[in-house]
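Colleague: Starting off with a structure, shown below.
Each reported figure results from applying straightforward, stated rules to the coordinates on display, with no laboratory input. Predicted model only: the values in this text are computed from it and were never measured. Counting neighbours? That spans all protein chains shown, and the Cβs are built from the backbone with ideal geometry, glycine included.
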Amino acid sequence: MQFVVTGSLGNIGKPLAERLVREGHSVIVISSNTEKTAHIEALGAIAAIGSVHDIGFLTETFKGADGVYTMVPPNFGAVNWKKDIARVGENYAAAIKASGVKNVVNLSSLGAHMPDGCGPVSGLYFVEKALDGLEGVNVVHLRAGFFFTNFFGNIGMIKHLGIIGGNYGESPKLALVHPNDIAEAAAKELLALSFRGKSIQYIVSEEKTTNEIAFILGKAIGKPELPWIDFKDEDTFNSLVKAGLSKEVAENYTEMGVAVRTGEMAAEYNALRPSIVGKTKLEDFAPVFAAVYAQS
Ligand SMILES: NC(=O)c1ccc[n+]([C@@H]2O[C@H](COP(=O)([O-])OP(=O)(O)OC[C@H]3O[C@@H](n4cnc5c(N)ncnc54)[C@H](OP(=O)(O)O)[C@@H]3O)[C@@H](O)[C@H]2O)c1
């Protein structure tokens, strides 16, 4: 079969492309960077260089594919981040319609039931809606939990302040996922192509409280006493801006933290209580975290 993978050699794109190639399929990987061509070809895949903002490019690349994996790359330069994300969803929908693709595995997020109030995830609400509007196209939305790899973003804080934290409230339980588990779920759907109509699948590897996260990651770096600090919204926003993010992106991440704290982001997930499909535990990821910590 022929598949198109968006998201280049990112957290999910790379393991997904590798898996599909290993299974003997023809895989086209979309990247915005010509320098990635050799790396993509080294995996045994075909590189398509262009942007998710270019409907013509997407249409040509999607033509003839048995299935497409869609995701929205983070755009930290966006002026209106939610709208920017929603627009990529519209681009995908237009290209899927024009190219005649019939099967789409779309990366979404826990919280994508919220059209507003959940930061970038509220942009993904509109991506889901754009794809759901496609007649005669099978779409499965993989609503992923909070990536383990996001914790790499806390390394500076741990090193310089000796703490880890966020504005999520007093040690709430977070639904976490390893990107490899998402790639595995996406590969499973693409290889079987048995999903029909429009559906949602929650992809979570395990649930941990923020205190448990601090302990597991802290222990791996020789700091078992590492405290998880419950930040005020204002402090979260200011620390994100200080770390170099734009006000727009910092506002969105702070808003998402509020949605975690109020329970709204996980409301649908908690109501459904889907089974945990991911196999990777935070303990398995901790040595990788420690290695990156040591090198930074
Ligand atoms: N982080 C979380 O906790 C979380 C939770 C749920 C869902 N998500 C979703 O997951 C997404 C991130 O997935 P990921 O971690 O696999 O991505 P990633 O590792 O950030 O990789 C995305 C890749 O897309 C490529 N790209 C950037 N701009 C592009 C453009 N305009 N056109 C084409 N390609 C472009 C880049 O590679 P090149 O330089 O090669 O182009 C980039 O490395 C988020 O945006 C969000 O929608 C995240």
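Colleague: Provide the gained length on full extension for the span Val288 to Glu60, in nm with one decimal, where the gain is 0.36 nm per separating residue minus the Cα-Cα distance.
Modeller: Details: separation 228, 0.36 × 228 = 82.08 nm, distance 3.82 nm.
Taking 0.36 nm per residue and subtracting the Cα distance, the gain is 78.3 nm.
Colleague: Select from Val101, Leu240, Leu20 the residue farthest towards the positive end of the dipole of the chain; place +1 on Cβ of Lys and Arg, -1 on Cβ of Asp and Glu, and compute about the Cα centre.
Modeller: Farthest along the dipole direction, towards plus: Leu20.
Colleague: Which whole-number value in Å³ per residue fits the convex hull of the alpha carbons of the range 206-295?
Modeller: With only Cα atoms used, the range 206-295 gives 125 Å³ per residue.
Colleague: Could you tell me the center-to-center distance, by alpha carbons, between the range 197-223 and the range 95-153 in angstrom?
Modeller: Cα centroid to Cα centroid, the span is 21 Å.
Colleague: Dipole magnitude of the range 1-141 about its Cα centre, charges +1 at Lys/Arg Cβ and -1 at Asp/Glu Cβ only, in debye to the nearest 20? Before the final figure, lay out the partial values.
Modeller: Working: 11 positive and 13 negative charges, 15 e Å.
About 80 debye.
Colleague: Let me ask you something else. In deg cm²/dmol and to the nearest 500, what is the mean residue ellipticity at 222 nm of the chain if only DSSP H runs of at least 4 residues count, each as -39500 (n - 2.57), divided by the residue total? Walk me through the intermediate numbers first.
Modeller: Values: 12 runs with 134 residues, N = 296.
That calculation yields -14000 deg cm²/dmol at 222 nm.
Colleague: Sort His53, His141 so that the residue with the fewest other Cβ atoms within 10 Å of its own Cβ comes first and the one with the most comes last. Each step should come with its number before you reach the end.
Modeller: On the way: His53 14, His141 24.
Sorted ascending by nearby Cβ count, the order is His53, His141.
Colleague: Related question: Just to confirm the filter: which GluC sites (Glu not before Pro) across the range 159-201 are DSSP coil and have at most 15 other Cβ within 10 angstrom of their Cβ?
Modeller: On the way: sites: Glu170, Glu184, Glu189; in loops: Glu170.
The qualifying sites are Glu170.
Colleague: Once the Cα gyration tensor of the chain is diagonalised, what are the square roots of 5 times its eigenvalues, in whole Å and ordered largest first, as equivalent ellipsoid semi-axes?
Modeller: On the way: eigenvalues 201, 87, 70 Å².
Semi-axes, largest first: 32, 21, 19 Å.
Colleague: Consider a paramagnetic label point 7 Å from the Cα of Lys219 along Cα→Cβ; state which residues of the range 271-296 have an amide N under 20 Å from it.
Modeller: It comes to 279-294, nothing else.
Colleague: Would you work out which of Pro287, Ala259, Thr209 lies farthest towards the positive end of the dipole of the range 206-295? Charges go on Cβ: Lys and Arg +1, Asp and Glu -1.
Modeller: Of the listed residues, the answer is Pro287.
Colleague: Sort Ser275, Ser194 so that the residue with the fewest other Cβ atoms within 10 Å of its own Cβ comes first and the one with the most comes last. Present the calculation step by step, with values, prior to reporting the outcome.
Modeller: Working: Ser275 7, Ser194 10.
The most exposed by this proxy come first: Ser275, Ser194.
Colleague: Rank these for me by crowding, Lys247, Lys198, going from fewest to most other beta carbons within 10 Å.
Modeller: Numbers: Lys247 10, Lys198 17.
In order of increasing Cβ crowding within 10 Å: Lys247, Lys198.
Colleague: In terms of modelled amide H atoms, which long-range or inter-chain residues lie less than 5 Å from the amide H of Ile221?
Modeller: For Ile221, whose amide H was placed from the backbone, there are no distant partners under 5 Å.
Colleague: Given 0.36 nm per residue, what is the gain on full extension from Ala98 to Ser51 after removing their alpha carbon distance, in nm? Can you show the working numbers first?
Modeller: Working: separation 47, 0.36 × 47 = 16.92 nm, distance 1.67 nm.
Gain in length upon complete extension: 15.2 nm.
Colleague: Once the Cβ-Cβ distance between Thr209 and Lys247 is put in as r, and R0 is 41 Å, what FRET efficiency do you end up with, to the nearest 0.05? Walk me through the numbers on the way to the answer.
Modeller: Values: r = 30 Å, r/R0 = 0.74.
Approximately 0.85, to the nearest 0.05.
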